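Here is the structure we will look at.
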Amino acid sequence: MNTMNMLDKNLDTKTTKIAARDVNVYYGDSHAIKDVNVEIDANTVTAFIGPSGCGKSTFLRCINRMNDTIDVCRVTGDILLDGEDIYDKRVDPVQLRARVGMVFQKPNPFPKSIYDNVAYGPRIHGLSRNKAELDEIVEKSLRRAAIWEEVKDRLHAPGTGLSGGQQQRLCIARAIATEPEVLLMDEPCSALDPIATAQVEELIDELRANYSVVIVTHSMQQAARVSQKTAFFHLGNLVEFGPTGQIFTNPDDPRTESYITGRIG
Amino acid sequence: MTDFSPTPDQPAVAQNSLLTQSKRTIKRNSAEARFKAYGIAAIGIGLVMLLVLVTTIFGRGTGAFQQTFITVNVELLESKLDKNGERNIEDIKRVTTFGYAPLIKSAMQTAVADLGIETSLKSKHMAGLLSKNAVAQLRAYVLANPEKIGETIEFRFLAQSRVDGYLKGRVSRDSIENDKNISPEQLDLVDALVAAGVIEKTFNLDFITGADASDQRPEAAGMGVSMLGSFFMMLVVLALALPIGVAASIYLEEFAPKNWITDVIEVNIANLAAVPSIVYGILGLAVFINYMHLPMSAPLVGGLVLTLMTLPTIIISTRAALKAVPPSIRDAALGVGASKMQSVFHHVLPLAAPGILTGTIIGLAQALGETAPLLLIGMVGFIASNAPSTIGEGLLSPNSAMPAQIYEWAKRADPAFYERAWGGIIVLLIFLVTMNTVAVILRRRFERRW
């Protein structure tokens with residue numbers, strides 16, 4: 001862990017949070033991710049872009065081992081979180097997911113109250129000793145997800161009764177309530193209108209102070225707005241990875257340029 | 001109008017006004033109208049059949065809930081019942097039901113004479129209007145109240161089934177020509193006694209709470225004990241099938257790896273649901289009775305057999321309910337770091353509960369109405385036991401079940417039993433409708449969580 005961090009420090013002032021080494025993913029016979037090597041920095045928003053079916057969501061789900069739930073899915077290579085291989089046999093995926101939170105494409109609040117939605121993670125991980133502490137965690141998470149003002153008077157109303165944008169921010173609050181180190185977001189704004197999208201994007205930018213955020217998006221404007229680093233995937237390959245500004249203005253690879261300018265994808 | 005087809009020189013789609021329908025539109029619309037008519041006809045036929053079924057059942061069965069009773073004063077003669085006059089219960093017990101017959105004969109004779117009814121019948125034939133159960137009823141009363149010996153007490157005896165049938169219109173003077181159980185003179189007496197208010201037809205609670213009775217006494221037969229038999233079987237089915245079925249479904253649906261073994265299990269469960277119930281019956285006979293030596297005719301064995309039969313139904317409906325829970329809920333739970341089991345028990349199972357409950361209750365209702373497997377494990381037949389006093393006794397002592405009791409009555413010769421079979425069907429249907437209603441209510445209540 002130390003040696004790796006030192007190596008990274010030579011290249012960049014930021015520390016590497018997640019490092020993928022020669023990651024391959026297979027769904028049965030199909031080869032979904034091919035030899036991906038990527039280093040995701042701490043306190044940075046990293047965007048994954050690419051045409052549909054290029055493997056960006058698959059790769060995202062590898063980072064918290066959500067692919068384990070798919071029987072035919074097989075992952076080779078190493079993904080290191082703070083230098084530890086998360087695919088090591090000794091790693092319990094449940095423990096990993098407490099540190100690597102996830103927000104899904106479709107808002108998926110539990111059919112419980114707003115309070116219980118947020119409190120669920122802290123409860124199962126034992127993060128609070130009493131009701132007052134739990135209340136505090138719930139309020140803090142909802143505030144950070146920029147939804148507190150809208151729901152503070154109806155915490156015991158069902159989470160499924162909120163609007164789409166509110167539901168997605170509730171899901172973000174739920175994800176950050178367990179104090180993860182990394183937050184994975186799989187197209188979090190695809191079901192939202194522009195106003196809700198703007199709110200979520202603002203939130204992502206604020207979350208950067210505490211977390212590494214990895215966001216999969218189809219909107220290149222969004223990637224350009226919120227991320228500091230961008231990775232372009234194409235047909236299962238990581239084509240190009242670099243600072244967002246460079247990817248969008250001066251890409252090295254002709255495929256990246258074609259995609260960004262709208263010629264492929 | 002409806003069956004003109006497009007001619008070759010005419011284009012299929014007319015290029016004119018929207019206000020007139022093109023030929024294709026007319027054809028499509030008439031096809032739709034025809035289909036709707038078929039559907040309405042199908043529902044209509046179904047409703048008519050249901051109506052016929054319900055009216056037949058209620059028309060024939062409601063008679064079983066009413067019974068004819070004869071009220072007479074019986075003098076409990078000390079000379080017949082307790083010759084020593086010591087009121088020693090052992091002495092009184094020594095008098096069999098035959099010893100009580102003369103009391104009833106004289107009671108009937110006195111009653112007829114007091115009312116001033118002219119009849120040529122002997123006292124034996126007058127007493128013949130009463131059920132053969134009357135002596136037993138009288139003896140049971142005396143044994144319970146020995147201090148009453150010597151007094152004259154008013155009793156309400158069941159009338160024998162021919163008298164009952166006569167009042168219900170089932171027996172007529174023409175139909176008894178060759179009937180040695182009753183004579184026209186006796187019917188004359190019945191008419192006179194009905195006019196005097198001694199014989200009357202009232203609601204018969206014993207049909208719902210009583211035990212089965214022998215071939216000679218259809219008027220005394222009731223559903224009660226077989227109802228308890230069904231109850232104990234359902235207890236066994238619920239206690240075994242629900243946990244086993246739900247646990248198996250959760251494991252298969254949420255945890256089991258998808259490989260050829262689980263595929264084979266899945267196919268087998270689907271096939272087991274279609275296995276005729278008599279097959280489960282013979283399996284129960286071979287395994288539970290012949291091999292494991294569990295008692296014959298016991299509701300425990302019946303419950304075990306019906307558990308086997310109900311399990312596939314419960315597993316299939318539970319798995320369907322689990323499948324219907326959106327995967328996004330599982331992802332959400334796993335995403336915040338819940339374990340697989342926490343995601344299932346905290347989120348998936350509560351959402352699937354209404355479906356599981358409905359499936360279980362429908363499985364139970366199916367088991368409640370099942371007769372065929374019970375034939376093979378001896379739960380059908382003349383079982384006129386008393387109501388069991390403990391749960392253990394209820395599970396292990398021989399008993400029948402409601403549908404088996406109905407089957408038993410339906411195959412007996414006396415038409416009075418036939419009426420009771422229909423009455424039994426009404427009781428069974430009330431149970432089934434109640435259970436299905438409970439299923440619907442529970443489903444509604446659980447689904448209306450928000």
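Observations on the model:
- Whether a residue is at pLDDT below 90, assigned to a helix (DSSP H, G or I), closer than 20 Å to B:Lys80 by Cβ and of a type in the set (Lys, Arg) was assessed, and B:Arg162 does not pass this test.
- The residues listed here are B:Glu75, B:Glu90, B:Glu86; of these, the one that is within 42 Å of the chain's Cα centre (by Cα), farther than 26 Å from B:Val198 by Cα and among the acidic types (Asp, Glu) is B:Glu90.
- Answer from B:Leu368, B:Leu357 - the residue that is closer than 18 Å to B:Pro276 by Cα and assigned by TED's automatic domain parsing to the domain that holds B:Ile282: B:Leu368
- For A:Phe59: the one exception among (1) part of a loop (DSSP other than H, G, I, E, B); (2) within 18 Å of B:Leu334 (Cβ to Cβ): (1)
- Test: residue in region A:82-91 that is among the charged types (D, E, K, R), closer than 25 Å to A:Glu206 by Cβ, more than 14 Å from every other protein chain (Cβ to nearest Cβ) and surrounded by 14 or more Cβ atoms within 10 Å (Cβ to Cβ): yes
- Selection within region B:71-97: residues that are in contact with a strand residue (DSSP E or B) (Cβ under 7 Å, 6 or more places away or on another chain) and of a type outside the set (Ser, Thr, Tyr). The member of this set that is surrounded by the fewest Cβ atoms within 10 Å (Cβ to Cβ) is B:Asn73.
- Exactly one residue out of B:Pro350, B:Pro312, B:Pro354 is surrounded by 19 or more Cβ atoms within 10 Å (Cβ to Cβ) and either over 29 Å from B:Ile441 (Cβ atoms) or within 13 Å of chain A (Cβ to nearest Cβ) (or both): that is B:Pro354.
- Failed item, numbered, when A:Ser30 is tested on (1) in contact with a strand residue (DSSP E or B) (Cβ under 9 Å, 6 or more places away or on another chain); (2) exposed (fewer than 14 other Cβ atoms within 10 Å of the Cβ); (3) modelled with pLDDT of 85 or more; (4) closer than 30 Å to B:Lys258 by Cα: (1)
- Exactly one residue among B:Gly381, B:Gly394 is in contact (Cβ under 8 Å) with a residue 24 or more places away in the chain, out of contact with any Gly (no Cβ under 9 Å at 6 or more places or on another chain) and not hydrophobic (A, V, I, L, M, F, W, C), and that residue is B:Gly381.
- Subset of region B:315-332 (residues that are closer than 27 Å to B:Leu238 by Cβ and either away from chain A (no Cβ under 12 Å) or surrounded by 24 or more Cβ atoms within 10 Å (Cβ to Cβ) (or both)): B:Ile315, B:Ile316, B:Ser317, B:Thr318, B:Arg319, B:Ala320, B:Ala321, B:Leu322, B:Lys323, B:Ala324
- Restricted to region B:333-347, and to residues there that are closer than 18 Å to A:Gln95 by Cβ and surrounded by 20 or more Cβ atoms within 10 Å (Cβ to Cβ), the residue that is farthest from the other protein chains (Cβ to nearest Cβ) is B:Ser343.
- The conditions of being touching a Lys or Arg at 6+ places or on another chain (Cβ under 6 Å), surrounded by 16 or more Cβ atoms within 10 Å (Cβ to Cβ), part of a loop (DSSP other than H, G, I, E, B) and of a type in the set (A, V, I, L, M, F, W, C) are met by B:Ile182.
- Identity of the residue in region A:161-175, buried (at least 17 other Cβ atoms within 10 Å of the Cβ) and more than 18 Å from the chain's Cα centre (by Cα), that ends up farthest from the other protein chains (Cβ to nearest Cβ): A:Gln166
- Residue list for region A:119-128, restricted to those being surrounded by 19 or more Cβ atoms within 10 Å (Cβ to Cβ) and either facing another protein chain (nearest Cβ under 7 Å) or under 18 Å from the mean Cα position of the chain (by Cα) (or both): A:Tyr120, A:Gly121, A:Ile124
- Filter result for A:Cys171 (under 25 Å from A:Met220 (Cβ atoms), modelled with pLDDT of 90 or more and of a type outside the set (A, V, I, L, M)): yes
- Contacts under 6 angstrom Cβ, first residue in region A:220-232 being touching a residue at least 40 places away in the same chain (Cβ under 8 Å), partner among the aromatic types (Phe, Trp, Tyr), 6 or more apart: A:Ala231/A:Phe48; A:Ala231/A:Phe241
- Residue match in region B:228-247 (condition: outside the structural domain of B:Gly363 (by TED's automatic domain parsing) and surrounded by fewer than 16 Cβ atoms within 10 Å (Cβ to Cβ)): no
- Residue match in region B:65-78 (condition: modelled with pLDDT of 80 or more and farther than 29 Å from B:Ser161 by Cβ): yes
- Any hit, region B:50-60, residues being under 29 Å from B:Arg170 (Cα atoms) and touching a Gly at 6+ places or on another chain (Cβ under 6 Å): no
- Scanning region B:134-159 for residues that are loosely packed, with under 13 Cβ neighbours inside 10 Å and in a loop (DSSP other than H, G, I, E, B) turns up B:Asn145, B:Glu151.
- Considering region A:47-80, and only residues there that are within 14 Å of another protein chain (Cβ to nearest Cβ) and touching a Leu at 6+ places or on another chain (Cβ under 7 Å), the residue that is nearest to A:Thr256 (Cα to Cα) turns out to be A:Leu60.
- Considering residues of region A:100-118 that are closer than 20 Å to B:Pro350 by Cβ and out of contact with any Ser or Thr (no Cβ under 7 Å at 6 or more places or on another chain) only, the residue farthest from the other protein chains (Cβ to nearest Cβ): A:Tyr115
- Among residues of region B:98-121, those that are part of a helix (DSSP H, G or I) and surrounded by fewer than 19 Cβ atoms within 10 Å (Cβ to Cβ), counted: 11
- Among residues of region B:254-282 that are within 13 Å of chain A (Cβ to nearest Cβ) and surrounded by fewer than 13 Cβ atoms within 10 Å (Cβ to Cβ), those with a Cβ under 9 angstrom from a residue that is in a helix (DSSP H, G or I) and not charged (D, E, K, R), sequence gap 6+ or separate chain, pair up as B:Phe255/B:Met341; B:Phe255/B:Val344.
The values are calculated or read from the model by the stated rules, or taken from the named source; none is laboratory data. Being a predicted model, the structure only gives us computed values, none of them experimental. Note that we place each Cβ from the backbone using ideal geometry, even for glycine, and neighbour counts take in every protein chain shown.
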